[in-house]
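Novice: Structure below; questions to follow.
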Amino acid sequence: MTFIYYLLIYLFFVWVLLPLVVPFLYSKNKLTLPESLPQPIAEIVSQIKFNNLSKEEALKIAYDFVTTNYKGSRIKTVTEFWKALINPLSIKSGFMHCTGQNYILRVILLKSELFDQGEIKTVLRPLNFFIHQNLQVRLDAKWINIDPWAKSIGVPYKGHAPFIG
């Protein structure tokens with residue numbers, strides 16, 4: 001019976017309280033794109049937009065940019081929890097929560113105009129060790145998983161964090 005109480009408390013926390021304070025956690029709706037972007041992100045968007053790249057090439061460049069500049073960390077997910085509450089575009093580099101990394105990746109892909117809103121989905125994994133989010137991107141008529149946060153724990157491109165992410 002105690003297990004059920006803990007499970008209910010966890011589910012209440014994940015599904016009711018967290019969406020009230022963590023931006024982009026449940027971003028199932030159309031993403032409102034920012035008017036202007038920080039210089040490094042704007043440069044990546046320009047590189048993708050004006051080099052006539054395929055969707056696969058654009059996704060890889062955007063993924064590499066995000067995973068080079070931002071890192072995931074199990075410990076910092078707790079010790080730097082406050083970073084989940086601020087605008088991801090204001091963080092220049094270093095640790096960033098999965099929601100922020102996914103937001104930046106989505107912004108790059110959408111601003112490049114190679115992808116539209118319906119080709120990028122957020123996937124929430126509430127029963128991961130910590131609540132976790134990754135993206136699914138439509139390429140060549142199939143959906144692939146993209147999880148930039150999880151690269152720091154050894155998950156390759158086109159993968160996502162395991163249960164104990």
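The values are calculated or read from the model by the stated rules, or taken from the named source; none is laboratory data. Please read all numbers here as calculations on a predicted model, not as lab measurements. All Cβ positions, glycine included, derive from the backbone under ideal geometry; neighbour counts span all protein chains shown.
Novice: Kindly evaluate Asn87 against the criterion of being at negative phi and in contact (Cβ under 8 Å) with a residue 40 or more places away in the chain.
Specialist: yes
Novice: Please list, ordered by first then second residue, the pairs with beta carbon atoms under 7 Å, 6 or more apart or interchain, first in region 108-124 and within 16 Å of Thr32 (Cβ to Cβ), second of a type in the set (Lys, Arg) and at pLDDT below 90.
Specialist: Listed pairs, sorted by first residue: Gln117/Lys30; Thr122/Lys28.
Novice: Need a quick list: helices (runs of 4 or more DSSP H) entirely within region 47-112 having at least 2 residues that are modelled with pLDDT under 95 and more than 11 Å from the chain's Cα centre (by Cα).
Specialist: So the answer is 74-79.
Novice: Being buried (at least 16 other Cβ atoms within 10 Å of the Cβ) and assigned to a loop (DSSP other than H, G, I, E, B) is the filter here; which residues of region 37-46 pass it?
Specialist: If the condition is that a residue be buried (at least 16 other Cβ atoms within 10 Å of the Cβ) and assigned to a loop (DSSP other than H, G, I, E, B), then Leu37 is the only one that fits.
Novice: Here's something else I'd like to know. If we keep just the residues of region 145-163 that are at pLDDT below 95 and aliphatic (A, V, I, L, M), which is surrounded by the most Cβ atoms within 10 Å (Cβ to Cβ)?
Specialist: Ala161
Novice: Of the conditions (1) over 14 Å from the mean Cα position of the chain (by Cα); (2) surrounded by fewer than 16 Cβ atoms within 10 Å (Cβ to Cβ); (3) modelled with pLDDT under 90, Val14 satisfies every one except a single condition; which number is it?
Specialist: Of the numbered conditions (1) over 14 Å from the mean Cα position of the chain (by Cα); (2) surrounded by fewer than 16 Cβ atoms within 10 Å (Cβ to Cβ); (3) modelled with pLDDT under 90, the odd one out for Val14 is (2).
Novice: Among the residues of region 124-142, which ones are part of a strand (DSSP E or B) and either at pLDDT 90 or above or surrounded by fewer than 16 Cβ atoms within 10 Å (Cβ to Cβ) (or both)?
Specialist: Asn134, Leu135, Gln136, Val137, Arg138, Leu139, Lys142
Novice: What single numbered condition from (1) surrounded by 13 or more Cβ atoms within 10 Å (Cβ to Cβ); (2) under 24 Å from Ala161 (Cβ atoms); (3) in contact (Cβ under 8 Å) with a residue 12 or more places away in the chain fails to hold for Asp64?
Specialist: With respect to (1) surrounded by 13 or more Cβ atoms within 10 Å (Cβ to Cβ); (2) under 24 Å from Ala161 (Cβ atoms); (3) in contact (Cβ under 8 Å) with a residue 12 or more places away in the chain, Asp64 is out only on (3).
Novice: Among (1) in contact (Cβ under 8 Å) with a residue 24 or more places away in the chain; (2) over 17 Å from Val22 (Cα atoms); (3) of a type in the set (A, V, I, L, M), where does Val155 come up short?
Specialist: (1)
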